[in-house]
Amino acid sequence: MRVITFGTFDVFHVGHLRILERARQMGTALIVGISTDELNYSKKGRKPYYDLSERIEIIRALRCVDTVFPEESLELKRYYIENYKANLLVMGDDWTGKFDALNDICKIIYLPRTPSISTTAVIEKIRKP
Ligand code: C2G
């Protein structure tokens, strides 16, 4: 089973690590689409703290990750899944139901997010005097 997942993974934290490790355990290879800075801006209305090349470098270095590529648009999932020959799409449960239309080409699993941690919370905590 080749697993694919997507995300920005800005200011990498343990919630990111856990979903990647869980996704990898569900198959034999893990492919990760990393949102471009422009896609993140369109999703969240702000530039990521780390730019795409830094985020790619970090994710690529993880033991649980086999392949990384830039995710340029949310609408290109079908193309990416076919291109990377993935047969399982894993997403955090904040996306539950959003990608179900792809179930004709792959299995889809939404995993629970790690509670109480997010990139925004980390940045706010560091900023506090
Ligand atoms: N995540 C998690 N627990 C957290 C925070 C994040 O499990 N506490 C998961 C998210 O559910 C997601 C992954 O980590 O599956 C990456 O999170 P983000 O960088 O916030 O990615 P997101 O903006 O959801 O991008 O094509 C879809 C998008 O590109 C997904």
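The values are calculated or read from the model by the stated rules, or taken from the named source; none is laboratory data. In this text the structure is predicted, and so the values were computed from the model without any measurement. Positions of Cβ are generated from backbone atoms using ideal geometry, with glycine treated the same way; all protein chains shown enter the neighbour counts. Quick note on the areas: whole protein, heavy atoms, side chains included, nothing else; ligands and nucleic acids left out. Shrake-Rupley method; radii C 1.70, N 1.55, O 1.52, S 1.80 Å.
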Q | Pairs with Cβ under 7 Å, 6+ apart, first in region 10-21 and under 16 Å from K44 (Cβ atoms), second surrounded by 18 or more Cβ atoms within 10 Å (Cβ to Cβ) and among the charged types (D, E, K, R) | A | D10/R55
Q: Read through the list (1) away from the ligand (no atom under 13 Å from the Cβ); (2) under 19 Å from V3 (Cα atoms), then give the number of the only condition that S53 fails.
A: (2)
Q. Can you find a residue in region 63-83 that is away from the ligand (no atom under 11 Å from the Cβ) and of a type in the set (F, W, Y)?
A. yes
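Going through region 13-49 one residue at a time, which ones are more than 11 Å from the ligand (Cβ to nearest atom) and within 24 Å of I126 (Cα to Cα)?
Narrowing region 13-49 to residues more than 11 Å from the ligand (Cβ to nearest atom): 24-31, 37-38, 41, 45-47, 49.
Listed by number, the residues that qualify are D37, Y41, G45, R46, K47, Y49.
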Q. In region 97-129, what residues are in contact with a Lys or Arg (Cβ under 7 Å, 6 or more places away or on another chain) and either modelled with pLDDT under 95 or in a helix (DSSP H, G or I) (or both)?
A. L102
**Q.** Complete set of residues in region 94-109 that are more than 7 Å from the ligand (Cβ to nearest atom) and open to solvent by 50 Å² or more (accessible area, probe 1.4 Å)
**A.** T96, K98, D100, A101, N103, D104, I105, K107
